[in-house]
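For reference, the structure is listed below as structure tokens.
The values are calculated or read from the model by the stated rules, or taken from the named source; none is laboratory data. Being a predicted model, the structure only gives us computed values, none of them experimental. Note: ideal-geometry Cβ built from the backbone for every residue, glycine included; neighbour counts use all protein chains shown.
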Amino acid sequence: MTGHEVDRGVKNQLRTLSKENAEGVAQHLVMVAELLDVEPEAALAHAETAVRRAGRVPAAREALGLVAYRLGDWARALGEFRTVRRLSGSSHLLPLMVDCERALGRHTKALELAQTEEANNLAIDDRVELAIVVSGIRRDLGQLDAAAAGLSDLVKRINPNRPSAARLFYAYADAKLAAGDAEAARDWFARAAEADHELTTDAAERLEELDGVDVTDLLGDEDDEQDDEGHDEGHDEGHDEGDES
């Protein structure tokens, strides 16, 4: 990793550092991105080093926050995301901040944060993520109809080709199913599966469940039949040996 793999926005942030330090921090940030999904503990070491070397660079604090979030260290992640917002003036991490508040059991605080003016000014994909988190909070609170209603406007307006569309359709389907509307849930799971080109959800499997298709059971039945045949043959052989004696 050379560090040149970071995007232009991160490179601009690193210009506040010396050339040597900027290159080193960039390399650590690239390693965080590479390891986050496969070895988050290793990613944590790189993120912490980046923050030690560039504590006032938003990208470094965001990297550490994302690793902490992946590891379920909600308080630490929330603190880092707050720092990113303060340093950069950007609210793009607001959905994750709300989710951290939810994970910490502070549902009222989470809903208040989701209803701030900053939330209204998010880009469309960030608004989708925030709406999905808020829907989950409503379900936590037993407000099943509200969980679905909070997504109903977005699902009708979003372009199905957007990266966040599949997750939005899936969340809406799941909320409708929880609210007892299986027919609508099936429709939206089908839309989610169609939009999910990267296979980020299990929408196709959920759709099969609703349709009563269970491939595992079918394979299991076949295995059982083979086992039965083998058992019968063994029993016959033992019986024949007994007759001969």
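Tell me whether the range 118-126 contains one or more residues that are modelled with pLDDT of 95 or more, more than 18 Å from the chain's Cα centre (by Cα) and part of a helix (DSSP H, G or I).
Looking through the range 118-126, none of the residues is modelled with pLDDT of 95 or more, more than 18 Å from the chain's Cα centre (by Cα) and part of a helix (DSSP H, G or I).
If V133 satisfies all but one of (1) assigned to a loop (DSSP other than H, G, I, E, B); (2) closer than 22 Å to L94 by Cβ; (3) in contact with a Pro (Cβ under 9 Å, 6 or more places away or on another chain), what's the number of the condition it fails?
(1)
Pick from the range 1-15 the residues that are aliphatic (A, V, I, L, M) and within 27 Å of the chain's Cα centre (by Cα): which of them is surrounded by the fewest Cβ atoms within 10 Å (Cβ to Cβ)?
So the residue we want is M1.
I'd like the full set of residues that are among the small types (G, A, S) and more than 30 Å from R106 (Cα to Cα), limited to the range 137-191.
A182, A184, A190 - these are the residues of the range 137-191 that are among the small types (G, A, S) and more than 30 Å from R106 (Cα to Cα).
Please give the number of the condition A60 fails out of (1) surrounded by 15 or more Cβ atoms within 10 Å (Cβ to Cβ); (2) at positive phi.
Going through (1) surrounded by 15 or more Cβ atoms within 10 Å (Cβ to Cβ); (2) at positive phi one by one, A60 breaks only (2).
Quick one: in the range 16-55, of everything that is β-branched (V, I, T) and surrounded by 14 or more Cβ atoms within 10 Å (Cβ to Cβ), which residue is nearest to the chain's Cα centre (by Cα)?
So, considering only residues that are β-branched (V, I, T) and surrounded by 14 or more Cβ atoms within 10 Å (Cβ to Cβ), the one nearest to the chain's Cα centre (by Cα) is V32.
Identify all residues within the range 1-28 that are among the basic types (K, R) and either assigned to a helix (DSSP H, G or I) or farther than 26 Å from G89 by Cβ (or both); write none if there are none.
The answer is R8, K11, K19.
From the list L168, L219, L207, L199, exactly one residue is at pLDDT below 95, within 17 Å of the chain's Cα centre (by Cα) and of a type in the set (A, V, I, L, M, F, W, C). Which is it?
Numbers: L168 fails: at pLDDT below 95; L219 fails: within 17 Å of the chain's Cα centre (by Cα); L207 fails: within 17 Å of the chain's Cα centre (by Cα).
It is L199.
Return the only residue of E80, E101 being over 19 Å from E34 (Cα atoms), in contact with a Phe, Trp or Tyr (Cβ under 9 Å, 6 or more places away or on another chain), surrounded by 15 or more Cβ atoms within 10 Å (Cβ to Cβ) and in the same structural domain as R15 (by TED's automatic domain parsing).
E80
Could you please let me know if G180 is within 30 Å of A146 (Cβ to Cβ), at pLDDT 95 or above and not aromatic (F, W, Y)?
yes
Would you check if F189 is touching a Gly at 6+ places or on another chain (Cβ under 6 Å) and either assigned to a helix (DSSP H, G or I) or over 30 Å from N12 (Cβ atoms) (or both)?
No.
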